[in-house]
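As structure tokens, the structure follows; a few thoughts come after it.
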Amino acid sequence: MYGWMKTNIAVLGAQWGDEGKGKIVDMLTPHFSAVARYQGGHNAGHTVYVNGKKFVLHLIPSGILHAGVTCLIGNGVVIDPQALFAEVEELARGGITVDGRLKISEKAHIILPYHRELDVLSEARRGERKIGTTSRGIGPAYEDKIGRRGIRVCDLLGDRTALADEVRENVSARNRMIIDSTLDWKPVFDQVVAFGERMRPWVDDVSLSLHTMMAEGKTVMFEGAQATLLDIDHGTYPFVTSSNASVGGVCTGLGVPPRAIGGVLGVAKAYTTRVGEGPLPTELSGALADRLRETGQEYGASTGRPRRCGWYDAVVVRYSARVNGLDAIALTKLDVLDGLPEVLICTGYKTTGTGMMTDFPADLRVLIGAEPVYERMPGWSSPTKGVTEFDRLPAEAQRYVKRLEDVSGVDCAIISTGSDRRETIIKKGSAVEQWLA
Ligand code: IMP
């Protein structure tokens, strides 16, 4: 389609996740030497088809499906070894071997067998204030990391006496959390030792490998999971995931300096969705929500949960643009809006007390009772589905995209008009074109 990337770029979610990053990453991968995941765990997920074969990947970057591309999992990721092995096996069944192309940071933390149980327990204890997690043990693994009792990949491969002490301490912390629980540390120790042995061929100094590749002039795509509004620091706390999904996570989660990031591409849907609990100011209900959910197939890739659906929220995307320094947006699923008589864009919130608000608030209580302020635009009756040139979009769809750019403050360099790789518009003269040699 085009040439080689001139620069390393970060591709990350600009809303609440599930923006369709999988397709964008998959489409751009052939232009990079490597793809590097910097945060999250197997709470993420996307389905990719190669030669009619279906692959569901949660942890390993989908770049693995492209021959010759190196895939790195950074120290900022939490790894469930069993989930990792299941993916490696699925890939092997599909004729894809990861050896020599998969590199896992020795500093990444391990999701221990009981973290999942702690995740479920913690949700039950929160009752009505539950987060609606993916129950994958992500939060408890990051809690142990920050609590300085986590077990890292390198710990599994090092001194066994030291590892035994670490596992004993971690298990006893777990036992203190669960009433009347006396889990024995030894079977956990035996299990993680076996995990380490199986992971050994892939373990790597990921920061060093990235620096070496970049020094050789190879380009890297930094792949985010989840999204900015689910970021532990910048998202709708506490209804967030436990890692830095926004651009700062690239540096801390991979051990690369800020200047390694040559561009930032935010992925945003032409409307908004979210799974799990927490505020969604533009949320719709009834027939319109069902229409978006069914047409857009809005069901979680990891958990199958129906996604909550709403109109495009420019307050959210503007906020993401600021936090991440977005150079461009990849606008996805425009075709899902085909045939709607009217499309709405939220440009601000009317709140009691503070009046009109155009910047995303930190305190979620401010959002309670906030009323989205909408601009209404005519919809389009002829389809955008499969259109590959901006000028060929129906005039109303062109106006809608241009208005999204104005109110979000970022150019839509890529517009996705269907799930197939080919159903894509790359805007002429956009940042994405400039990043390409
Ligand atoms: P956790 O990451 O499993 O702890 O879940 C925390 C929140 O992030 C919940 O609201 C999840 O639904 C949400 N979440 C986690 N991973 C994803 C994802 O890949 N897409 C969308 N939402 C996610």
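What 222 nm value per residue comes from the helices of the chain, counting each DSSP H run with n ≥ 4 as -39,500 (n - 2.57) and dividing by all residues, nearest 500 deg cm²/dmol? Could the numbers behind the result be given before it?
Numbers: 14 runs with 141 residues, N = 437.
Calculated from helices alone, the mean residue ellipticity at 222 nm is -9500 deg cm²/dmol.
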Between the stretch 193-249 and the stretch 25-51, the alpha-carbon center distance in angstrom: 12
DSSP bridge pairs, the stretch 1-146: antiparallel proportion in percent, nearest 5: 35
Spherically averaged projected area in nm², based on the convex hull that wraps the Cα atoms of the chain: 21.0
Solvent-free Debye scattering, log10 I(q)/I(0), computed from the Cα coordinates of the stretch 372-437 at q = 0.19, 0.26, 0.29 Å⁻¹: -0.80, -1.23, -1.33
Rg over Rh, two decimals, the stretch 114-226 (C-alpha only, Kirkwood Rh): 1.06
Solvent-accessible area, 1.4 Å probe, carbon plus sulfur percent, for the chain: 51
Peptides ranked, highest mean first, by Cβ atoms within 10 Å: ranges 63-73, 217-227: 217-227, 63-73
Karplus-derived 3J(HN,Hα), 6.51/-1.76/1.60, for each residue of the stretch 420-437, Hz, glycine and proline x: 6, 3, 6, 7, 8, 10, 10, 5, 5, x, 7, 4, 4, 5, 5, 5, 8, 5
Inter-site label distance for Glu169 and Val193 at 7 Å from Cα along Cβ, in nm: 2.0
Distant-in-sequence amide H partners of Lys269 (H built 1.01 Å from N, under 5 Å): Thr332
Sequence-distant residues sharing a close amide H with Asn8 (under 5 Å, placed H): Val220, Gly262
Kirkwood hydrodynamic radius of the stretch 217-325, from inverse mean 1/r over distinct Cα pairs, in Å: 15.2
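How big is the convex hull of the Cα atoms of the stretch 50-140, per residue, in Å³? Display every interim value, and only then the final one.
Details: hull volume 9.8 nm³, N = 91.
Spelled out: Cα convex hull of the stretch 50-140, divided by residues, is 108 Å³.
Per-residue counts of other Cβ atoms within 10 Å, averaged by peptide: what ranking do you get for 9-22, 332-345, 252-265, 358-371, highest first? List each step's numbers first, then the result.
Numbers: 9-22: 25.8, 332-345: 20.2, 252-265: 18.6, 358-371: 13.7.
My ranking of the peptides, most packed first, is 9-22, 332-345, 252-265, 358-371.
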Separation of the Asp180 and Asp391 label points, Cα + 7 Å toward Cβ, nm: 7.4
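Taking a threshold of 20 Å on the Cα-Cα distance, which of the pairs Lys333/Lys385; Lys6/Lys428; Lys6/Lys53; Lys333/Lys427; Lys54/Lys269 fall above it? Walk me through the intermediate numbers first.
Numbers: Lys333/Lys385 9 Å; Lys6/Lys428 17 Å; Lys6/Lys53 31 Å; Lys333/Lys427 16 Å; Lys54/Lys269 23 Å.
Check vs 20 Å cut-off fails for Lys6/Lys53; Lys54/Lys269.
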Sorted peptide list for 201-207, 228-234, criterion being average Cβ within 10 angstrom, highest first: 228-234, 201-207
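Might you report the magnitude of the Cβ-based charge dipole of the chain about its Cα centre, with Lys and Arg at +1 and Asp and Glu at -1, to the nearest 20 debye?
200
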Heavy atoms of Trp435 accessible to a 1.4 Å probe, total area in Å² rounded to 10: 20
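Provide the gained length on full extension for the span Lys53 to Asp420, in nm with one decimal, where the gain is 0.36 nm per separating residue minus the Cα-Cα distance. If you can, show how the numbers build up before the last one.
Values: separation 367, 0.36 × 367 = 132.12 nm, distance 1.43 nm.
130.7 nm is the gain from fully extending Lys53 to Asp420.
The values are calculated or read from the model by the stated rules, or taken from the named source; none is laboratory data. Remember, predicted model here, so these are calculated numbers, not experimental data. Cβ: placed from backbone, ideal geometry, glycine included. Neighbour counts: every protein chain shown. Each accessible area value is taken on the protein alone, full model and side chains, heavy atoms only, with ligands, DNA and RNA left out. Shrake-Rupley method; radii C 1.70, N 1.55, O 1.52, S 1.80 Å.
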